[in-house]
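Here, each number is a calculation from the coordinates, and none is a lab measurement. Only a predicted model underlies this, so the values are computations on that prediction, with no experimental measurement involved. Every residue, glycine as well, gets a Cβ built from its backbone with ideal geometry; the counts of neighbours run over all protein chains shown.
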Amino acid sequence: MSAEDVTADVLVIGGGAAGVAAARAAHEAGATVALVADGGGATTLGSGVVWGAARDPFTTWATSDAWRIGGRYVTVAGWLLEGAAGALRSLLDVGALSAGGTPGVLDLATHPSWSARLVAQTLGARVVEAPDGAPTGQTFREVAASFDREGAAEAFARSLATRCEGLSGLLLPPVLGLSRLDVAERLSAVLGIPVGEAAGGTGDPPGLRALRALRGWLPEGVAVINDRVTVKPGRLPTVVFRSGRLGKARSVVLATGGLVGGGLVFEHSLREATADGPVWTRDRKRVLTRAGAARGADPAEWFDEHTGRARGAGLRVDAAGRVLDGDGATPLGEWLYAAGEVCSGRGGDGVADALAEGARVGRSAAQAIGRRG
């Protein structure tokens, strides 16, 4: 594949959870696959915890050292998270700590949202004062970046050793590396106890690392292209890259996300950004996209957290994942599919569900090629 030409049986647009799953499943179904990723969308905003009732293919794919199935985790606000499908191993599974032991919570001077004493109260833990020279910063990202340096985790663990004697585990804020996935493991190897971090908030380091770990599930045969693309529906897809590349595909999967991920945009009204497909509210009402359709509307009508029209809005798809036309019944194109938050009714159902849906749709897109001939 040249720098100017993208040719694939299945073109997946979107590099978050649904897009990664669609690309891998299509590849496993025998298709040649290219994935267009321009950032990670809403997936990067996660906490490193994988939510969602649909556990497969997460439980099948999460076999690397980066992931743990199940577990109980604590947030920076001191809330316990239970019922997760799994999480990055960098998060401390408080449910796996030895019964009767006393965990420690590191009082590291980081973001003001981190209160070691509050979290320690939730866990029945002991506050561990940070040693002199401990990493500091105004944000979790700044501190996390310091742990990416070779040897930084080991040096910090040695400075903590005497303060952690008698502890059953050690919890840090969400700072265990900005790009590295092995910082928790390295700390634990020196201290001899389980070490991990709390679940972060929007845009914190665990979300960035979770996206990197998800991307690690892509087979080597899947071409990953950092670009933006638009698709013009017709008998065959017309794919136009922002960079000027030429694109040719037999099936296209939109996994571009909702309003947060950029798959939906609000201009004169709410519209789908990549293929300009018809948008529907979660109660299956068509969203008009003509100029001025939303002019004068109360913003709460669109963006109220519970009742807004934009919440859960997106493309309608059939049972196979094909995008439906404005009548809500006819496929917009036999080759155009969608999965994840860009679809109507999703509204944040969790990473595990996005993986399951993406895999199902990616498989459908690949298998349909043979039927179409």
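Some notes on this structure:
- Net length gained if the chain between ALA161 and ARG149 were fully extended (0.36 nm per residue, minus Cα distance): 2.3 nm
- DSSP bridge orientation in the chain - percent antiparallel, rounded to nearest 5: 40
- Long hydrophobic helices in the chain, taken as whole DSSP H segments with a C-alpha length of 15 Å or more on their own axis and mean Kyte-Doolittle hydropathy at least 0.0: 17-28.
- Cα-centred dipole magnitude for segment 1-82, charges only on beta-carbon of K, R (+1) and D, E (-1), debye, nearest 20: 460
- Taking every C-alpha pair closer than 8 Å and separated by at least 6 residues, the mean separation divided by the residue count of the chain gives a relative contact order of 24 percent.
- Extension gain for SER98-LYS232 works out to 42.5 nm (0.36 nm per residue, less the C-alpha to C-alpha distance).
- Taking every DSSP helix (H) stretch of at least 4 residues in the chain, weighting each as -39,500 (n - 2.57) and dividing the sum by the residue count yields a mean residue ellipticity at 222 nm of -7000 deg cm²/dmol.
- DSSP assigns beta bridges within segment 138-297; of those with both partners inside it, close to 75 percent run antiparallel.
- Taking the Cα centre of the chain as reference, the dipole from Cβ charges on Lys and Arg (+1) and Asp and Glu (-1) amounts to some 900 debye.
- Pair VAL265, SER64: separation of 7 Å Cα→Cβ label points (nm): 3.2
- With the simple spin-label model, which puts each label point 7 Å out from Cα in the Cβ direction, the ALA319 to VAL127 separation comes to 5.9 nm.
- Projecting the Cα atoms of ALA120, LEU181, LEU218 onto the charge dipole of segment 106-246, computed from C-beta unit charges around the Cα centre, puts LEU218 farthest toward the positive end.
- Placing a pseudo-label 7 Å from each Cα along the Cα-to-Cβ vector at ALA329 and GLU28 gives an inter-label distance of 3.6 nm.
- Placing unit charges on each Cβ (+1 for Lys and Arg, -1 for Asp and Glu) gives the chain a dipole about its Cα centre, and among GLY14, GLY41, THR63 the Cα reaching farthest toward its positive end belongs to GLY14.
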